[in-house]
1. Taking the condition among the β-branched types (Val, Ile, Thr) and closer than 28 Å to Asn2 by Cα, does Thr34 pass?
2. Is it true that Asp36 is modelled with pLDDT of 90 or more and loosely packed, with under 10 Cβ neighbours inside 10 Å?
3. Identify the single condition in (1) surrounded by 10 or more Cβ atoms within 10 Å (Cβ to Cβ); (2) at pLDDT 75 or above that Tyr61 does not satisfy, given that it satisfies every other one.
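The values are calculated or read from the model by the stated rules, or taken from the named source; none is laboratory data. Small disclaimer: the values here were computed from a predicted structure and weren't measured. Cβ placement follows ideal geometry from the backbone for every residue including glycine, while neighbour counts extend to all protein chains displayed.
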Amino acid sequence: MNTSTLDKLRKMKFFGMFHAFKSSMETGKTNDYTADELLAHLVDAEWDDRQNRRIERTILYARFAIKLQLKMFTIMLTEVLTATRSCAWRIVRLLTASRTC
């Protein structure tokens, strides 16, 4: 019965309830709750999950400039490090070539 309940929660996209009920079943804490306490726990978990997903979605769609600047900085730093390694290898090759001559 519990697996069918979990499947139904997932299909209805009640992800907060799904994870809360699954963790309650795994830890065995469902016996500690009365029916109304368990329902309140599941509804609170679903509410929190939806609010968190809404905030994450809002941040994603906001396309903050600082996030883009950080991404550009990371790209530039990678290019500089690649160029620096390349230059360092050239210098090592020149030094070793001049020693052998």
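1. Details: among the β-branched types (Val, Ile, Thr): yes; closer than 28 Å to Asn2 by Cα: yes.
Criteria met by Thr34.
2. On the way: modelled with pLDDT of 90 or more: yes; loosely packed, with under 10 Cβ neighbours inside 10 Å: yes.
When the stated conditions are applied, Asp36 passes them.
3. (1)
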